[in-house]
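Trainee: Before anything else, here's the structure in question.
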Amino acid sequence: MKKIVLLIAVVLSLVFLPVLKRATISALFLSDILKGSDGILAGVTKEPRISKVSYKYSTRELKADLYLPSGKGKTGGIILIPGLVDTGKDDPRLIHLAKSLSRTGWVTLVPDFEGMRAFKIRPTDINEIVVGFLYLSSHERVNKIGFLGFSYGAGPTLLAAADQRINDKVSFMVSFGGYYDIRNLIMFVTTGTFKHEGKEYFLRPMEYARWAFLKSNLDFIENKKDRKILRAILEKKIEREEADIGDLSTSLSPEGKAVIDLLSNKDPERVYGFISGQRPDLKEMMDRLSPKEKMSDIKAHLFLVHGKDDNAIPFTESLKMAEEFKNKKRLHLYILDIFLHVDPAERKFLSSLPSVLKFYSLIYTFMGFLS
C-alpha cells in the first residue's frame, strides 16, 4: 500500500510540479512587467549574463546584446525588437524586460537598429531581423525561437516572421501595440479617426506621433530646401504643438506642401486622397512595410497584444491582423485596458482585475514555449 501511495505521489509531482513552476514564474514575471522594476523575481533567480555580440549582414556588422539565463541546458530563445526610441537596445524599459525574460529562462537577443534609433523604419530592417534570427538559432542553448516586437518595430518584425527564409522555423510571434497598415496609422495620427467593421472611432492621438512620422520620412523628400524647412517645422512642432509654421510652410515646394497638408489635415475622408498623391516610391514603401499582405505567410503562434486606449496605434490594427491570420488555432488575441501604448496604464486594481487576469493568461501560454 505504501508503495502505491508513493507511486501516486511521484506521478502527481511529475504532472503538477512543472505546471506549478510555470504558473509561479508567470505570476512573478507579470508582477515585474506591471511594476516596471525588479521585484520578487530578481530575488529568487540568478542575474543573467549579458554580453555584446555581433553578426554579419551583407557588408555590415550588426551589434546586439545577448542575455543568457543561468544553467546549461537548452531553452527557448527570443528576439526583442523595440519601437522608435532614440535609446534603442539601451532603453531602460527594454533592459529590464530582457533581464526579466532571462531570469525566467529565456535566451534573449536585443539587436541594435541604427534606423529605429533615428526614428526611421525601412525594409532593410526586415532583413536585419531575419539575420538576427539565424544568428540566435545557431546558439548552443537555444531550441525554439520567436519574436517580441513593440509598436512601430512590430511591423518589420511581423514581416520577418512571414519571411520564407525562416517562417517555418519561427515558433511564436508577439506583436505588442503593432500596426496592420501604415495608411491606417496616417489617418489616426493626423485625424484621431480609426475604423473597423463599418464602425468609426475617435481617440485623441499622441500629438508627438504625427511629427515622429515626419521625422522618420524626411529622407524621402527629394528637394534639399524642403528637407531643411520641414526639419525646422518639425523642431518647432515638437517643442510646442501650437507653434505657428505659416512663415515656413509658404516657402515649400509642391512636394513639401503636400506633406504638410497631409499632416495638418483633420478630415479623415481626405486622408487617402492625400496619400494617393504622394510619389510612387513612397506608396511602395508603405506597402512593403505594412504586414497586411503577409499575414497568411506567418506560420508561428501569433500573439496580438494591444492596449484598448492606445493613443499611438489604435487597437483595431491588431483586430485586423487577427482577421487576416489564417491559422486560428495558433492565434492568441488580447485587447487589454491595463496598457496605453506599450506601457502600463495607471488604473485602480479592482477595475483592471479582468485585464490583469487576461494578461496573466497570455504570459502563462507564452511561457509554454520555453521548453
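Trainee: Can you give me the number of residues within segment 55-78 that are over 18 Å from I129 (Cα atoms), of a type outside the set (A, V, I, L, M) and open to solvent by less than 50 Å² (accessible area, probe 1.4 Å)?
Mentor: 3
Trainee: For the condition open to solvent by less than 20 Å² (accessible area, probe 1.4 Å) and not small (G, A, S), what is the one hit in I40, I50, I81?
Mentor: Values: I40 fails: open to solvent by less than 20 Å² (accessible area, probe 1.4 Å); I50 fails: open to solvent by less than 20 Å² (accessible area, probe 1.4 Å).
None of the others qualify; the one that does is I81.
Trainee: Residues that are over 20 Å from F325 (Cα atoms) and open to solvent by 20 Å² or more (accessible area, probe 1.4 Å): list the helices (runs of 4 or more DSSP H) wholly contained in segment 121-216 that include at least 2 such residues.
Mentor: 124-137
Trainee: Looking only at segment 99-117, decide whether some residue is part of a strand (DSSP E or B) and either over 16 Å from the mean Cα position of the chain (by Cα) or touching a residue at least 60 places away in the same chain (Cβ under 8 Å) (or both).
Mentor: yes
Trainee: Then there's this: Please state which of the following conditions E324 fails to meet, knowing it meets all the rest: (1) in contact with an Asp or Glu (Cβ under 8 Å, 6 or more places away or on another chain); (2) open to solvent by 10 Å² or more (accessible area, probe 1.4 Å); (3) farther than 30 Å from I221 by Cα.
Mentor: (1)
Trainee: Separate question: When only residues in segment 276-304 that are at pLDDT below 90 and not in a helix (DSSP H, G or I) count, which is least open to solvent (accessible area, probe 1.4 Å)?
Mentor: Q278
Trainee: Does segment 305-315 contain at least one residue that is in contact with a helix residue (DSSP H, G or I) (Cβ under 6 Å, 6 or more places away or on another chain) and in a strand (DSSP E or B)?
Mentor: Within segment 305-315 (the criterion being in contact with a helix residue (DSSP H, G or I) (Cβ under 6 Å, 6 or more places away or on another chain) and in a strand (DSSP E or B)), the answer is yes, since at least one residue qualifies.
Trainee: Continuing with the same structure: Residue by residue through segment 235-257, note down the ones that are assigned to a helix (DSSP H, G or I), open to solvent by less than 60 Å² (accessible area, probe 1.4 Å) and not charged (D, E, K, R).
Mentor: Once the filter is applied, which keeps residues that are assigned to a helix (DSSP H, G or I), open to solvent by less than 60 Å² (accessible area, probe 1.4 Å) and not charged (D, E, K, R), segment 235-257 yields G246, L248, S249, G256.
Trainee: Every residue in segment 282-331 that is under 19 Å from G146 (Cα atoms), under 15 Å from the mean Cα position of the chain (by Cα) and of a type outside the set (V, I, T), please.
Mentor: P291, L302, F303, L304, H306, S318, M321 - these are the residues of segment 282-331 that are under 19 Å from G146 (Cα atoms), under 15 Å from the mean Cα position of the chain (by Cα) and of a type outside the set (V, I, T).
The values are calculated or read from the model by the stated rules, or taken from the named source; none is laboratory data. Keep in mind that this is a model prediction, so the values were computed, not measured. Glycine also receives a Cβ, built like all others from the backbone with ideal geometry; neighbour counts cover every protein chain displayed. Heads up: the accessible areas ignore ligands, DNA and RNA and are worked out on the full protein's heavy atoms, side chains in. Shrake-Rupley method; radii C 1.70, N 1.55, O 1.52, S 1.80 Å.
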